[in-house]
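Here it is: the structure, laid out below.
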Amino acid sequence: MHSQEKKKNPRNTAMMLDMLHIVVGVLVVACTVLAFVNPERNSFLFPVIFWLAALLNGVNGWSRFQNGGRDKRKKAGAAVLWAAAALLFVIGLLSAVSIWR
C-alpha cells in the first residue's frame with residue numbers, strides 16, 4: 001500500500017493565520033490604548049507592542065515562504081518580513097532595556 005502524503009489544508013492554514021491576525025491585532029490595540037492612557041504606570045507595554053508586531057511579521061514571513069513555491073518574489077517578500085520582524089524585536093529589546101533600567 002502506498003502511504004498518502006498528508007498535505008495541510010490551505011483553508012485551515014489561512015483560517016489560523018486570520019485568527020492570529022485578529023488576536024494579535026486586538027492585543028496590540030488594547031496594549032496601545034492602555035500604554036497611552038497612563039504611560040508611567042503601563043510603560044512595560046511598549047516592548048510588548050513591538051514584540052507582538054515582530055511575532056506577526058515573523059509568522060507572515062513564514063507563511064509567505066511556505067506558500068511561495070518556486071516564486072522568487074514571494075520568497076524575497078518573506079525575507080523582507082523576517083527582516084522587519086528582527087528589527088521590531090530589536091526595537092522591543094531596546095525599549096525594554098531603557099524602561100527597566
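The values are calculated or read from the model by the stated rules, or taken from the named source; none is laboratory data. As the structure is a computational prediction, the values presented were derived from the model and not from experiment. Cβ: placed from backbone, ideal geometry, glycine included. Neighbour counts: every protein chain shown. To get the accessible areas, we keep the full protein, side chains included, count just its heavy atoms, and leave off ligands, DNA and RNA. Shrake-Rupley method; radii C 1.70, N 1.55, O 1.52, S 1.80 Å.
Is it the case that SER98 is at pLDDT below 90, assigned to a helix (DSSP H, G or I) and not β-branched (Val, Ile, Thr)?
No, not satisfied.
If you don't mind, there's one more thing I want to ask. Kindly evaluate SER63 against the criterion of being among the hydroxyl-bearing types (Ser, Thr, Tyr), surrounded by fewer than 16 Cβ atoms within 10 Å (Cβ to Cβ) and in a helix (DSSP H, G or I).
Considered against the rule, which asks whether it is among the hydroxyl-bearing types (Ser, Thr, Tyr), surrounded by fewer than 16 Cβ atoms within 10 Å (Cβ to Cβ) and in a helix (DSSP H, G or I), SER63 comes out as no.
Could you pull out the residue among LEU52, LEU45, LEU17 that is over 30 Å from SER98 (Cβ atoms), open to solvent by less than 50 Å² (accessible area, probe 1.4 Å) and modelled with pLDDT of 90 or more?
After ruling out the rest, the residue left standing is LEU17.
Still on this structure, please answer the following. Just checking, how many residues over region 68-95 are buried (at least 17 other Cβ atoms within 10 Å of the Cβ) and over 17 Å from the mean Cα position of the chain (by Cα)?
Total meeting the criteria: 1.
Can I ask one more? Can you tell me which of (1) open to solvent by 100 Å² or more (accessible area, probe 1.4 Å); (2) at pLDDT 90 or above; (3) among the charged types (D, E, K, R) is the one LYS7 doesn't meet?
(2)
Scan region 32-42 for residues that are among the hydrophobic types (A, V, I, L, M, F, W, C) and either modelled with pLDDT of 95 or more or open to solvent by 30 Å² or more (accessible area, probe 1.4 Å) (or both) and jot them down. Write out each step before concluding.
Filtering region 32-42 for residues among the hydrophobic types (A, V, I, L, M, F, W, C) gives 33-37.
Hits for region 32-42 are VAL33, LEU34, PHE36, VAL37.
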